[in-house]
Structures are given as structure tokens and as C-alpha cells.
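Visitor: The structure that follows is given in the form of C-alpha cells.
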Amino acid sequence: MTDAETRPRGPRAYTAFIGIGLLAGLLSGLFGVGGGTVIVPLLVLFLHFNQRLGAGTSLAAIVPTATVGVISYALNDSVAWIPALILAAGAVVGAQIGTRLLPRISQTVLRWFFVGFLVVVIVSLFLVIPSRDAEFELHLLTGIALVVVGVGTGILAGLIGVGGGIVVVPILMLAFGTSDLVAKGTSLLMMIPTAISGTIGNLRNRNVDLRAAAIVGVSACTTTALGAWLATLIDPLVGNMLFAAYLVFIAVQMAIKAIKGHRKGD
């Protein structure tokens, strides 16, 4: 039997799943991410999921969360449909690569990789200055670049359970010059097929707690639209700074876990 099948369930666990989902959905809509940066560390830190199971469960929960987010941004005409599909095509391939690598990497290495990933995101949040008036210009070179970005984010999705939005949003704003709202809506659309593809691979490797993923995902759906609405009201730079502060806290906690895991030979 898998770790997910033997783990005892109680009111505390289900309450935690709901709370994690509500927070992940809010941040998903607000920042255009799948919510994996919330789901993975909280499942690991507070519900004692191992990194692999947390990553796989998070990726499955991202599917309904991102779907609601796309609908919310599409209502405001803030989704670049063709670029999102190009990103998704590359990301689906990358996700399969990531999920194949996942069982072969130690949990300590994954934790340090996740910390490094968060550091890059934190720095990018201070480098990117979003513009609400910028538009996405699609041509041959940008199309090729989108495929490369998609493959890279897909690999991250398979390895650490994020839908790739936390990488795609800053890149679309900084490298492609699009607005922050369009970047967020496009990111959420891109990560749906990515998350589905990665989840299929994780199911084969028994790295998904389906019950937890369902509870977290459904809970997240109830706050995603609220987050998307708030994104239109909050100054983009202020939002970046607040999110960076949260990620610093998560990165420190995960670094502590990684140090403890190294000492135990995990």
C-alpha cells in the first residue's frame, strides 16, 4: 500500500486540506500561479507529506484551481490564448520529463532544489515592473521562445508540483513585455494541460494522494475568482513585494527541513 493509503485521516487533516486550498486558490487568482508554492510546503510542513507525494498531490489539485482562474481572467479579456497553447505544448513534454526524474532524486535534493527555485522567484518579483497597458506580440522568434519556456516550466511542474505559473508570469512580463493581468491569465491557461500531463505521470508512480488533491482543489476553486478580482485592484509592485515576503518564509522553512533531512541521510 502507498503512503497516502495508510496515512490516518481525522478532522485536523481535512480542516488543513480545506485551509490550504482556500489560501492556494486566493494566491492562484491573485498572482496567476497554480498554488503549488503554497500547497507543497504546507503539505510537507504541517501534514508530514514527503516531498514527492506533496508535489504530486499539489499538481493534481492545480487542475481545477487553474480552470476557475482562467475563466475569471477571460471574463476581463486577460488571456492570450495562442501563446498559452504554445506554452502548454512545450510544458506537457517537460512535465513528462520531470515526473520521470522525480522518483530518481532524493528528498533532500528536491527540498534544496525547491528552495533555490523560490529564491529565483523572489528575486524576479523585484526585477519585474508590471505594466497594465503592455500587449503581447506573437511572431516566429517569440513562438520558439515560448516553446522553450514551456518545456522548462513543465519539467519544474513534474519535479516540484507547481504548474509553472510562478515562472511563466515573470517571464511573460519581463522578457515578452506583456501586461501583468494578461500574463497571469495566460499562465493559468497554460498550466492546465501541464498539470494534467504531470498528474498522469505521478499517478503511475503512486505520487498522488487523490483524496487530499480533491479536497484542496475544490476548496481552492472557491477563492480563486476572489483573488483574480483583487489582482485588478492591488498595485502590481505592492503585490509582488507581499508575495516575495511570503516566499521568504516558505524558503526558510524548507531549508530547515532540507538540513534536517541531510543529517538523517534522507
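Visitor: Working only within region 246-266, note down all residues that are over 24 Å from the mean Cα position of the chain (by Cα), in a helix (DSSP H, G or I) and modelled with pLDDT under 75.
Guide: Of everything in region 246-266, those that are over 24 Å from the mean Cα position of the chain (by Cα), in a helix (DSSP H, G or I) and modelled with pLDDT under 75 turn out to be H262, R263.
Visitor: If we scan region 120-131, do we find a residue that is farther than 24 Å from N205 by Cα, of a type in the set (S, T, N, Q) and modelled with pLDDT of 85 or more?
Guide: The answer is no; no qualifying residue exists.
Visitor: Would you pick out the residues in region 112-126 that are aromatic (F, W, Y) and either touching a His at 6+ places or on another chain (Cβ under 9 Å) or more than 11 Å from A251 (Cα to Cα) (or both)? Reasoning before the result, please.
Guide: Step one: filter region 112-126 for residues aromatic (F, W, Y), giving 112-114, 117, 126.
Once the filter is applied, which keeps residues that are aromatic (F, W, Y) and either touching a His at 6+ places or on another chain (Cβ under 9 Å) or more than 11 Å from A251 (Cα to Cα) (or both), region 112-126 yields W112, F126.
Visitor: Among the residues of region 158-210, which ones are in a loop (DSSP other than H, G, I, E, B) and at pLDDT 90 or above? Spell out the reasoning first.
Guide: So in region 158-210, the residues in a loop (DSSP other than H, G, I, E, B) come out as 161-164, 175-179, 205-209.
V208, D209 - these are the residues of region 158-210 that are in a loop (DSSP other than H, G, I, E, B) and at pLDDT 90 or above.
Visitor: With the requirement that a residue be β-branched (V, I, T) and buried (at least 24 other Cβ atoms within 10 Å of the Cβ), what does region 179-218 give you?
Guide: Passing the criteria: V182, T186, T194, T199, V208, V216.
Visitor: Could you list, in sequence order, the residues of region 134-148 that are surrounded by fewer than 24 Cβ atoms within 10 Å (Cβ to Cβ) and in contact (Cβ under 8 Å) with a residue 12 or more places away in the chain?
Guide: Restricting attention to region 134-148, the residues satisfying the condition of being surrounded by fewer than 24 Cβ atoms within 10 Å (Cβ to Cβ) are 134-145, 147-148.
The answer is A134, E135, F136, E137, L138, T142, G143, A145, V147, V148.
Visitor: Which is in a helix (DSSP H, G or I), surrounded by 23 or more Cβ atoms within 10 Å (Cβ to Cβ) and modelled with pLDDT of 90 or more, of P83, P41, P64?
Guide: P83
The values are calculated or read from the model by the stated rules, or taken from the named source; none is laboratory data. For clarity, every value in this text was computed on a predicted model and none was experimentally measured. As a convention, Cβ positions derive from the backbone with ideal geometry for all residues, glycine included, and neighbour counts pool all protein chains shown.
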